[in-house]
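Novice: This is the structure I have questions about; it appears just below.
The values are calculated or read from the model by the stated rules, or taken from the named source; none is laboratory data. All values reported here derive from a predicted model rather than from experimental measurement. Virtual Cβ from ideal backbone geometry, glycine too; neighbours counted across all protein chains shown. Areas reflect the complete protein model, heavy atoms only, side chains present, ligands, DNA and RNA absent. Shrake-Rupley method; radii C 1.70, N 1.55, O 1.52, S 1.80 Å.
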Amino acid sequence: QVQLVESGGGLVQAGGSLRLSCTASGRTFRGTTMGWFRQAPGKEREFVAAIGWSGLTIVYSDSVKGRFTISRDNAKNTVYLEMNSLKPEDAAVYYCAADVSGRLGASGQNYETWGQGTQVTVSS
């Protein structure tokens, strides 16, 4: 089974940038689709972005398209989320997740393994 550990969260001013990382360990990472989700207090979990194993297939939510970039380094078993032009509404706990079947989906139900989350706070 894959274990996931996120890092890189923190406090940033609106308009600033952060880069989140998620490193996988355990069973092979090969073929796994990786996704980022977020959850703000009092709100449902929201899909942010996902990337297929090759890195060539990527999908973003409309709310982050053009501002966030997902990427992965399979040699390091790590997926990244570069977040630019951050807005107060981007503040949330960000989770990475793994779908070992390799689907590229926005539904959290597709993802079997989740990290513990990293907090992103954006001050206005």
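Novice: Would you mind giving the three semi-axes, in whole Å and largest first, of the ellipsoid equivalent to region 34-82 according to its Cα gyration tensor? If you can, show how the numbers build up before the last one.
Specialist: Working: eigenvalues 89, 29, 15 Å².
Semi-axes (√(5λ), whole Å): 21, 12, 9.
Novice: If amide hydrogens are placed 1.01 Å from N in the peptide plane, which non-local residues have theirs closer than 5 Å to the one on residue 86?
Specialist: Long-range HN contacts for residue 86: 15, 16.
Novice: With every protein chain present, what is the per residue accessible area of the chain (1.4 Å probe, Å²)? Display every interim value, and only then the final one.
Specialist: On the way: 6080 Å² over 124 residues.
Dividing the accessible area of the chain by its residue count gives 49 Å².
Novice: Throw me the Rg/Rh for region 1-46, computed over C-alpha atoms with Kirkwood Rh, two decimals.
Specialist: On the way: Rg = 13.7 Å, Rh = 13.0 Å.
We get a ratio of 1.05 for region 1-46.
Novice: I've got another one for you. Carbon and sulfur together cover what percent of the accessible area of the chain at a 1.4 Å probe radius?
Specialist: On the way: 2880 of 6080 Å².
Summing carbon and sulfur atoms, their accessible area is 47 percent of the total for the chain.
Novice: For region 33-124, take N as its residue count and report Rg(C-alpha) divided by 2.2 N^0.38 Å. All intermediate terms of the calculation are to be shown ahead of the outcome.
Specialist: Values: Rg = 12.5 Å, N = 92, 2.2 N^0.38 = 12.3 Å.
It is 1.02.
Novice: In the chain, with Lys and Arg counted as +1 and Asp and Glu as -1 at Cβ, which of these residues, 60, 79, 28, has the Cα nearest the positive end of the dipole, that is, farthest along it?
Specialist: About the Cα centre, the residue reaching furthest to the positive side is 28.
Novice: Between region 93-111 and region 4-67, what is the C-alpha centre distance in whole Å?
Specialist: If we compute the Cα centre of each part, the gap is 10 Å.
Novice: Provide the net charge surrounding residue 50, with neighbours chosen by a C-beta distance below 11 Å and charges set as Lys +1, Arg +1, Asp -1, Glu -1. Display every interim value, and only then the final one.
Specialist: Working: positive: 72, 103; negative: 99.
Combined, the nearby Lys, Arg, Asp and Glu give +1.
Novice: Now a separate question. Check the straight Cα-Cα distances from residue 87 and name the lysines below 26 Å, setting aside those fewer than 8 residues away within the same chain.
Specialist: Hits, sequence-local ones excluded: 43, 65.
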